[in-house]
1. Would you confirm whether or not region A:617-639 contains a residue that is within 14 Å of chain B (Cβ to nearest Cβ), surrounded by 16 or more Cβ atoms within 10 Å (Cβ to Cβ) and touching a residue at least 24 places away in the same chain (Cβ under 8 Å)?
2. Could you list, in sequence order, all residues of region A:36-67 that are within 16 Å of residue A:122 (Cβ to Cβ), surrounded by fewer than 21 Cβ atoms within 10 Å (Cβ to Cβ) and in contact (Cβ under 8 Å) with a residue 60 or more places away in the chain?
3. Only one of these conditions is not met by residue A:97: (1) farther than 27 Å from residue A:147 by Cα; (2) surrounded by 24 or more Cβ atoms within 10 Å (Cβ to Cβ). Which number is it?
4. Return the total of residues in region B:76-94 being within 15 Å of residue B:57 (Cβ to Cβ) and within 14 Å of chain A (Cβ to nearest Cβ).
5. Do we have residue A:218 as modelled with pLDDT of 95 or more and in a helix (DSSP H, G or I) here?
6. Say we look at region A:269-283 and pick out the residues that are away from chain B (no Cβ under 14 Å) and surrounded by fewer than 21 Cβ atoms within 10 Å (Cβ to Cβ); which of these is farthest from the chain's Cα centre (by Cα)?
7. Within region A:516-572, can you find the residues that are within 23 Å of residue A:82 (Cα to Cα), loosely packed, with under 14 Cβ neighbours inside 10 Å and out of contact with any strand residue (DSSP E or B) (no Cβ under 6 Å at 6 or more places or on another chain)?
8. Just to be sure before I move on: is residue B:98 at pLDDT 75 or above, surrounded by fewer than 16 Cβ atoms within 10 Å (Cβ to Cβ), within 14 Å of another protein chain (Cβ to nearest Cβ) and assigned to a loop (DSSP other than H, G, I, E, B) in the structure I sent?
């Protein structure tokens, strides 16, 4: 009964989405305020219906209702309670339901926080979100219904893929979806701007917090994904240029570019059409990412099983979204007039370069992603494009971007002053050069070109960012007054930029200094690795809630002192006997010691894979800092619409007086 | 003082240069870093003798796994028509076993064997690379299936089936 209720609620949501999409649009054409106002209530009703539907599916998982096909495929009676909750999005159908839920959540948030938006803008934004929702609800109901019953009812489920039974998996997909779907709001604002022809500083101020919020979640989702694969996949890496990783990385690059171009649009009234185009592209890349992951065209770490009808549906949907929005763009964008002249030698000029590099990086990743798909589709030979391609293309593009980042604070809007720039950047440059020479020795005790370059750029970014804050504080009467006068958005920007630098240190040092060793070891055997002695103790069997595990004990000794005891495991899950490695990790800010248990060679010897991973955690610390920084920037009080409305009124009055 | 038009021209040319450089960079990197995927029959039929890095896909032939000293292992990869011996040193993925579909990344050796630097095995026992499945089906249809039993080739619907990699750098 509850399952049918969930199904019905989902169909109801589709009906409401139709109203939400069409009614306000008609209202806008007819200047009918009442019809436009239906958008808000429809958005809220849709949210409630989808929440009900989602809870019903969750209930089916909790109560182990194996008469539901999706539950039977992804649940198992012995599975711990928490994983029964997260199993709801463990496979295709449920994760698409989560997608729809997240979309409804964002729409609901828009309807709540943007009450003071001009009514036509609000109606159009909600209408566009309604259209997106129609597409995805139809997708779920027509091709991926999670509520389909199964007959005969199996005695027990076939279990969730063990790789997903991990805390990282509990938070990775929802965060990623929050980011993916969040860009639909930026997209909706862009389309509304195209329809109304209204694209001014106020518009940019409305769109900015939503875009930053989406970016924040995407950043966190990618960071958690990286951390999760490091722990669960057992081969010690944090990024693989895997097609599915790239699918989330492309929207991140486009979104990062969008955040910066929105700043130019707000402050200087420039790059208007580019900002709108980027909003469309970022969301299209999110849809494309969904298509890649969900259609099964990729054989990758994630390789979700394929179903051509699903792939075709999403592809058709992408075609419709991109086609309609680009047509609208071609028709309406020429009417956006820049409020002035763009000089390259200014902050807006530098931000333009930032956008060029980010867009090029995004294009390069897209090329590496698409090329094998196209070749595999049109010819008989199968190819893949591996990490070497991405590394060669990516770092030359990101290097200049990191150099530019150091100029973020010191280059003025409109026209930069060379003398001030030189004056203010002298000391950071000096510090960065010193850091390049010293930092690798200080942190790891040796040096390498990659690490020195990474250290140079990272310290350059950090010192320039901090120097700007410092200069600002000193210009005030007291330190407290100075710190108080810094806006939340500035704190956010500074933190996010520092986060990028911390991430860069982690990436460059880890790629330069990480060491791995595979060895066949008997109990008592010792392997020397970069100053650490790894020795195997015993290997014993143990029982988990729904698996049996082989647990090895590995001791790590440095300078005659035992510094860590690790317990890498190999788990065999019921039902199905799927195996899963669980690495033993001694975490440290400056280095991780990482061991995963490999195959049993018989006669008491085991394959072991050992890693010393310097500064790997900096990568995730950096991601967290970007998350916090973005969060601060998105919640800056100046975006609050009550205030903004007042300010706009005051400005309008002033303009009326001077006119 | 530059005129407005000149300035705009300068801006556009800088952008074009930047984008062009990026494209050139991407295309060069591209040519060097494409990995082709072959089954043993592909290698034979297309007379591939290249020593470039490639992906070799197939099934691990039953009873062919031999452990050498230390981490060395050798086994035979088959697509039910042709076979090729593979050598690898390192930790194997969890699901590496007889009859399992594998993708080995490495180079052809002069003696006709394949030296793998990385082994991928799918976390799902019914996984098989698409080309390999096609080859096996073809062999099946011609009544030449000689590589023994393996589980269904149908992809299990709606399940996440990650690959597990064993990788050896350098």
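The values are calculated or read from the model by the stated rules, or taken from the named source; none is laboratory data. None of the values given here were measured: they were computed from a predicted structure. Note: ideal-geometry Cβ built from the backbone for every residue, glycine included; neighbour counts use all protein chains shown.
1. No, there is no match, as no residue in region A:617-639 is within 14 Å of chain B (Cβ to nearest Cβ), surrounded by 16 or more Cβ atoms within 10 Å (Cβ to Cβ) and touching a residue at least 24 places away in the same chain (Cβ under 8 Å).
2. A:37, A:44
3. Just one mismatch for residue A:97, condition (1).
4. 3
5. yes
6. Looking only at region A:269-283, we keep the residues that are away from chain B (no Cβ under 14 Å), and these are A:269, A:272-273, A:275-283.
Next cut, surrounded by fewer than 21 Cβ atoms within 10 Å (Cβ to Cβ) only: A:269, A:273, A:277.
On the way: A:269: 28, A:273: 25, A:277: 20 Å.
Step by step, filter region A:269-283, then rank; the result is A:269.
7. The answer is A:543, A:545.
8. In short, yes.
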